[in-house]
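Below: one structure, written as structure tokens.
Quick note: the coordinates plus some simple rules give every number you see, no bench work behind them. Given the structure is predicted, the values throughout are model-derived calculations rather than measurements. Don't worry about glycine lacking a Cβ; one is built from the backbone with ideal geometry, like all the others, and counts go over all protein chains shown.
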């Protein structure tokens, strides 16, 4: 089965809005990310990948965000925002100390966007099975932090929300 990729202005525009709101480490580096829709069967909705040296040489990008086109078509706008925000959360940028002329630290600032070594892929805060949480509770700090965040959210998107938006889009 053939897999095709095409750059997506729609995903880029959405990502840039999200960056302005939630990702200060990317505000001056929007051009280092390439956004692509992936056509072809896949078991994921989105992926973020740090480019190899060769990919960076060819594309002048440091990261690729891939969105499964079939999943994209079936997501509501709120779900699209969440998916793109999720993928942007995978991009981590180092900070560096900035010193004044007397060698006193003035501030921490984002490291040079052109240096690939200043960029990393960030793993998920939580990776766990629901039955482990059922059996052992919030046994690890990341899981506890995740639970606190869940409790603080005003609205949870439910399966009913997903299904009703899917019906609207397909119907």
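Using helices alone, I'd like the mean residue ellipticity at 222 nm for the chain: each DSSP H run of four-plus residues gives -39500 (n - 2.57), total over residue count, nearest 500. Value at 222 nm, helices only, nearest 500: -12000 deg cm²/dmol.
Would you mind getting me the FRET efficiency between residue 30 and residue 53? Use the beta-carbon distance for r and R0 = 30 Å, nearest 0.05.
Values: r = 21 Å, r/R0 = 0.71.
So the FRET efficiency works out to roughly 0.90.
Which order results if 106, 153, 11 are arranged by neighbouring Cβ count within 10 Å, fewest first? It would help to have the intermediate numbers written out before the result.
Values: 106 11, 153 8, 11 23.
Least to most surrounded, the residues fall as 153, 106, 11.
Between residue 102 and residue 154, the contour length at 0.36 nm per residue exceeds the alpha carbon distance by 13.9 nm.
Pull out a ≥ b ≥ c, the square roots of the eigenvalues of the alpha-carbon gyration tensor of the chain, then state rounded if a/c is under 1.5, prolate if not and a/b is larger than b/c, and oblate in the remaining case. Verdict is oblate for the chain. Under the criterion of Cα pairs below 8 Å and six or more residues apart, the relative contact order for the chain equals 18 percent.
Starting from the Cα gyration tensor of region 10-63, take the square roots of the eigenvalues, sort them a ≥ b ≥ c, and report rounded, prolate or oblate (rounded when a/c is under 1.5, otherwise prolate if a/b is larger than b/c, else oblate). The shape class here is oblate. Can you give the % of DSSP beta bridges in the chain that are antiparallel, to the nearest 5? That works out to approximately 75 percent antiparallel.
Taking a ≥ b ≥ c as the square roots of the Cα gyration tensor eigenvalues, region 65-129 comes out prolate, since a/c reaches at least 1.5 and a/b is larger than b/c.
Neighbour counting of Cβ atoms within 10 Å sorts the residues 72, 139, fewest neighbours leading, into 139, 72. Each peptide in 94-101, 50-57 receives the mean, over its residues, of other Cβ atoms within 10 Å, and ordering these scores from highest gives 50-57, 94-101. Working from label points 7 Å from Cα in the Cα-to-Cβ sense, the residue 124 to residue 89 distance is 1.0 nm.
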